[in-house]
Amino acid sequence: MLTLPVHYPGSLRRLGIATVAVALLAACGGAEPPAVLAGSATTATVAAPQPTIKVAPLDAAVPGASATAVEAAAAALVLEPRLALEHVRVLSQEIGSRPAGTTQERAAADYIAETLRAAGYDVTIEEFPFEEDFDRSSVTVAGVSAPALAMRGGADGTANGMLVFAGVGETAELAGVEMRGRVVLFDRGVVPFSEKARAAEAAGAVAVIVVNHEAGPFRGNLGDLRASIPVVAVAGDLRPSLVNDLGQSVTVSADGGMKSGVSQNVVAKAGGECRAYLGAHYDSVPEGPGANDNATGVAVILEVARVNRVPGLCVVAFGAEETGLWGSRAYVSDHLAGTARFMLNVDMAGILGGPVIVGDRVLTDDILKHVEAAGIASPLRAGSFPPFSSSDHVSFSAVGVPAVTFNSGDDPAIHTPEDAFERVEPATLTMFVQAVDAALRGLLQ
């Protein structure tokens, strides 16, 4: 999941995680076969009868994700959640962290492509350029470093000096503080960042640190000011230790900016023009293996796609989501996705913590009806993401496609090393496989 503000490893979302036991159900025992998507967005032709898709029981033998296992399951049209769990294992353990533009991200793309080819899809890998912020700034005291964020308008570089405190930077607080050759610590608030930096620079300071007035980091800028000294922001959690370090030597390093790279989307077609989409991003942040975010989402669409290959269905695994939805934006720009009937995106499907469907409300209501009609015990409901968070469905919504994201709810371990395969809940993953399958089949009718 994309979290828009720059932050330290770990999510800003801190809602509790509920534990809900979800029993495996033979969900689609009486479902009608999927429809073949017609050229019109309002018509669909029912395909020839197909074998009913069933869900394998929990006590069945656990297959690997080998080509033989995939082909055997596909031939029987058995919805097999264990294949989904194996996809999560491969992506998060064998491949591991998959940052945008890396060889690991490409390895994941190749794995996804081969899995979809084994399911009978025509698959292409489409490259696209992307840009992302980087920030390796830090504050170091007595050999101990803490992360910082460079303020735009400050100078890149490293400076060292005695740490002094100047409050929020009001005139009375500045008076009597010797700043020449020193690093000035300011509290955030009252006085604009640019004025704090200008005052410190004019007094001969070598660097500025602005500490947040609440826990967590923040990103600031100096407006039109172009300072000649480093200016960084740090989390409010660091204030007590920095105040305790007043009078000691501190080193400030400001090293932030933009870098470019190349990522790729995996695009799978079942034949004909794309009229409906399954999607999920497969990249992760550098800090963790990205099991829940978002190997689980990829696993869901791979398994659902395997048993629902009908003309007009397209499956897209997006690269570079974590850096700004680059993959889905590139796809809709290149393919005019506004002609499609709907798009179902899955972003986090492995840790139950308030599961929601986010996006088009009419489509959400239809999905919930289809899930209920399939007899699936699902706690899914219409909902929204936390502030500053988003996912790839918004790129499709922007070009007129009714689109939603299935999401298993808040998980404080995402974007950290703790987002590991061992934490994924098989029952939760199974529920999402079943729910997305029921939604897709119902919408295709």
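Every number in this text was worked out from the coordinates using simple rules, so none of it is lab data. The model shown is predicted, which means the values in this text are computed figures rather than measured ones. Here Cβ is always computed from backbone atoms with ideal geometry, including for glycine, and neighbour counts include all displayed protein chains.
Computed quantities for the displayed model
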item	result
Binned Cα-Cα distances of the range 137-254, short to long, each 10 Å bin given as a whole percent	16, 55, 28, 1
Cut-off 15 Å (backbone N to label point 7 Å along Cα→Cβ of residue 399), residues of the range 107-133	126-129
Estimated distance in nm for a label pair at residue 384 and residue 94, the labels positioned 7 Å out from Cα along Cα-to-Cβ	4.1 nm
Karplus (6.51, -1.76, 1.60) ³J(HN,Hα), θ = phi - 60°, over the range 376-389, in Hz, Gly and Pro reported as x	8, 6, 10, x, 4, 8, 5, x, 8, 7, x, x, 6, 10
In order through the range 172-189: 3J(HN,Hα) via Karplus (6.51 cos²θ - 1.76 cosθ + 1.60), integer Hz, x for Gly, Pro	5, 6, 6, 5, x, 9, 7, 10, 4, x, 10, 9, 9, 9, 10, 7, 6, x
Per-residue HN-Hα couplings for the range 108-123 [Karplus 6.51, -1.76, 1.60; θ = phi - 60°; Hz; x = Gly/Pro]	5, 4, 5, 4, 5, 4, 5, 4, 6, 4, 5, 8, x, 8, 7, 10
Diffusion coefficient, µm² s⁻¹, Stokes-Einstein with Kirkwood Rh over alpha-carbon pairs of the range 200-301 at 37 °C and 0.692 mPa s	176 µm²/s
Extension gain, residue 255 back to residue 134 (0.36 nm per residue minus Cα-Cα distance, nm)	42.7 nm
Residue 127-residue 377 FRET efficiency (beta carbon distance; Förster radius 45 Å; 0.05 resolution)	0.60
Overall Cα dimensions of the range 301-419, principal axis frame, Å, largest first	37, 35, 27
FRET efficiency, 1/(1 + (r/R0)^6) with R0 51 Å, evaluated for residue 422 and residue 248 via beta carbons	0.80
Anisotropy class of the range 85-139 from Cα gyration tensor, a/c 1.5 cut	oblate
